[in-house]
Amino acid sequence: MQAVTAAVGIGVITKSGKLAEGVSDVGKQIGKNSREKLEEFITKSLQDKLEIINNHWQVKYPDVFTRGSFFEDLMGVYRYKKADGWYHTGDISFNVKGVDFYKGTRQGKDIFADIVVSMKTTIKTDVNEWLKYKSIQDNIKFLREGKSSKGMIDPNNKLTMYINSAEIHIFMQKTNITSELKTNWMNKLNAEYPDIKFEIKAIEDFIN
């Protein structure tokens with residue numbers, strides 16, 4: 001999404017291009033159609049995939065919410081792979097606070113995360129404007145709570161997450177990502193939030 005994202009869990013891809021068996025059903029989050037949309041996306045050519053991604057970047061409100069969820073679906077398959085040890089908080093609930101993907105262990109209602117990723121998608125190119133969103137400030141607050149001794153408490157899902165390393169991965173339109181933009185954003189974010197690791201990437205960089 002442009003500023004607000006929802007956690008989504010998806011499985012890995014088999015060599016045949018299909019979703020692996022036993023993956024979580026994401027119907028509770030974004031519906032059966034979204035899953036079918038993802039499965040269809042996986043079977044397409046790279047050129048068609050890139051066109052679909054570009055079309056998603058062009059949507060207007062309220063379709064930005066669908067875009068954000070779909071992009072998280074894609075990264076759950078192509079980047080934050082379960083086969084590589086990533087857990088998807090969407091497997092727990094669509095509204096887990098602050099975290100979309102993590103590596104670590106879960107013991108009952110407690111999650112001990114070595115690393116967590118909050119994934120954000122945005123069409124904004126001004127970092128100061130982006131940081132004004134309440135959802136972004138809340139997300140940073142949640143991650144910092146997780147790094148404290150008390151952990152990040154999620155009352156809706158009755159979970160407490162203890163975070164060792166927190167990262168916010170910001171995905172932008174590939175055409176917007178210039179050296180100047182990355183320098184401006186990273187200087188600002190690293191100066192204000194040195195306890196959180198930020199990165200700026202393009203969805204297309206991970207699609208094959």
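The values are calculated or read from the model by the stated rules, or taken from the named source; none is laboratory data. Everything numeric in this text was worked out from a predicted model, so none of it was measured. Virtual Cβ from ideal backbone geometry, glycine too; neighbours counted across all protein chains shown. All accessible areas refer to the heavy atoms of the entire protein, side chains included, with ligands and DNA or RNA removed. Shrake-Rupley method; radii C 1.70, N 1.55, O 1.52, S 1.80 Å.
For the reader, a short list of remarks on this structure follows.
- Just one of the listed residues (Phe142, Phe94, Phe112) is assigned to a helix (DSSP H, G or I) and not acidic (Asp, Glu), namely Phe142.
- Scanning the stretch 167-183 for residues that are in a strand (DSSP E or B) and β-branched (Val, Ile, Thr) yields a total of 2.
- Residue match in the stretch 158-166 (condition: free of Cβ contacts under 8 Å to residues at least 12 places away in the same chain, within 20 Å of Lys81 (Cα to Cα) and either part of a strand (DSSP E or B) or of a type in the set (A, V, I, L, M) (or both)): no
- Any hit, the stretch 201-208, residues being among the polar types (S, T, N, Q) and exposed (fewer than 15 other Cβ atoms within 10 Å of the Cβ): yes
- Taken over the stretch 124-139, the criterion of being within 24 Å of Gly76 (Cβ to Cβ) and either open to solvent by 70 Å² or more (accessible area, probe 1.4 Å) or outside any helix (DSSP H, G or I) (or both) is satisfied by Lys124, Tyr133.
- Every condition in (1) open to solvent by 50 Å² or more (accessible area, probe 1.4 Å); (2) free of Cβ contacts under 8 Å to residues at least 12 places away in the same chain holds for Arg106 except the one numbered (2).
- Candidate set from the stretch 184-200 (those that are assigned to a strand (DSSP E or B) and open to solvent by less than 60 Å² (accessible area, probe 1.4 Å)); member that is farthest from Val117 (Cα to Cα): Ile200
- Any pair with Cβ under 9 angstrom, 6 or more apart, that starts in the stretch 196-208 at a residue that is closer than 25 Å to Leu38 by Cα and modelled with pLDDT of 95 or more and ends at one that is polar (S, T, N, Q) and open to solvent by less than 70 Å² (accessible area, probe 1.4 Å): Ala202/Gln173; Ala202/Asn176; Ile203/Thr121; Ile203/Gln173
- If the condition is being open to solvent by 80 Å² or more (accessible area, probe 1.4 Å) and closer than 23 Å to Thr89 by Cα, then the stretch 148-183 contributes Ser149, Lys150, Ile153, Pro155, Asn156, Lys158, Asn164.
- Every residue from the stretch 56-65 that is open to solvent by 80 Å² or more (accessible area, probe 1.4 Å) and outside any loop (DSSP other than H, G, I, E, B): Phe65
- Top-ranked residue of the stretch 109-123 - restricted to ones that are surrounded by fewer than 20 Cβ atoms within 10 Å (Cβ to Cβ) and among the charged types (D, E, K, R), ranked as nearest to His56 (Cα to Cα): Asp114
Here's the yes/no breakdown for (1) among the hydrophobic types (A, V, I, L, M, F, W, C); (2) closer than 27 Å to Tyr78 by Cα; (3) within 20 Å of the chain's Cα centre (by Cα):
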| position | (1), (2), (3) |
| --- | --- |
| Lys150 | no, no, no |
| Lys158 | no, no, no |
| Met161 | yes, yes, yes |
| Ile168 | yes, yes, yes |
| Thr183 | no, yes, no |
| Asn187 | no, no, no |
| Glu192 | no, no, no |
| Glu199 | no, yes, yes |
| Asp205 | no, yes, yes |
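- Of all residues in the stretch 70-83, those satisfying the criterion of being assigned to a helix (DSSP H, G or I) and open to solvent by 10 Å² or more (accessible area, probe 1.4 Å) are Tyr78, Lys82, Ala83.
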